[in-house]
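One structure is given below, encoded as structure tokens.
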């Protein structure tokens, strides 16, 4: 029976460092070491991945967007040690919302990017609720004859681990 040994990263690098072409078996080892799109994770690999994901301790955004059909609201997250991260707040179909983690380290500054109110009917508005601090929640209506939310509007500096945002489209039936 053929023994299936894992080729180390260092071994794979040496195949190409000599300036010669890798042999067929070396090239085969390289291909076998790659995880391809169509490869299926084993049950053990999925459990290990799930355990690693469950141990993530970074801050995160938790968002709800029930009524806004195809609208997307980009959020920019800035940290001291990473490039700005853009998270798209799109439609969420469950009542638990969507959770996405931030890269980098605190402090995190959270801003808007292109919160458009285009496409609203005459009596429709967006209802925005957000929370950068567990002790305070902010509410705001925008759209139609109300002021828009400006580009780079700063929600604030995140205090704690969770930034919560909810965006809903509401039709009040009158201006």
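For the subset of the stretch 69-87 comprising residues that are more than 13 Å from residue 109 (Cβ to Cβ) and surrounded by 19 or more Cβ atoms within 10 Å (Cβ to Cβ), which member is nearest to the chain's Cα centre (by Cα)?
Ranking the qualifying residues of the stretch 69-87, first place goes to 87.
Could you check residue 57 against (1) closer than 22 Å to residue 89 by Cα; (2) surrounded by 12 or more Cβ atoms within 10 Å (Cβ to Cβ); (3) at pLDDT 75 or above and say which number it fails?
(2)
Those residues that are crowded, with 17+ Cβ neighbours inside 10 Å and farther than 16 Å from residue 157 by Cα, I need them from the stretch 101-116; list them, please.
115
Output yes when any residue across the stretch 129-152 is in contact (Cβ under 8 Å) with a residue 60 or more places away in the chain and within 22 Å of residue 54 (Cα to Cα), and no when none is. Steps first, answer last, please.
Kept after step one, since they are in contact (Cβ under 8 Å) with a residue 60 or more places away in the chain, are these residues of the stretch 129-152: 152.
Subset that is within 22 Å of residue 54 (Cα to Cα): none.
No.
The values are calculated or read from the model by the stated rules, or taken from the named source; none is laboratory data. Only a predicted model underlies this, so the values are computations on that prediction, with no experimental measurement involved. Glycine gets a Cβ as well: all are built from the backbone with ideal geometry, and neighbour counts include every protein chain shown.
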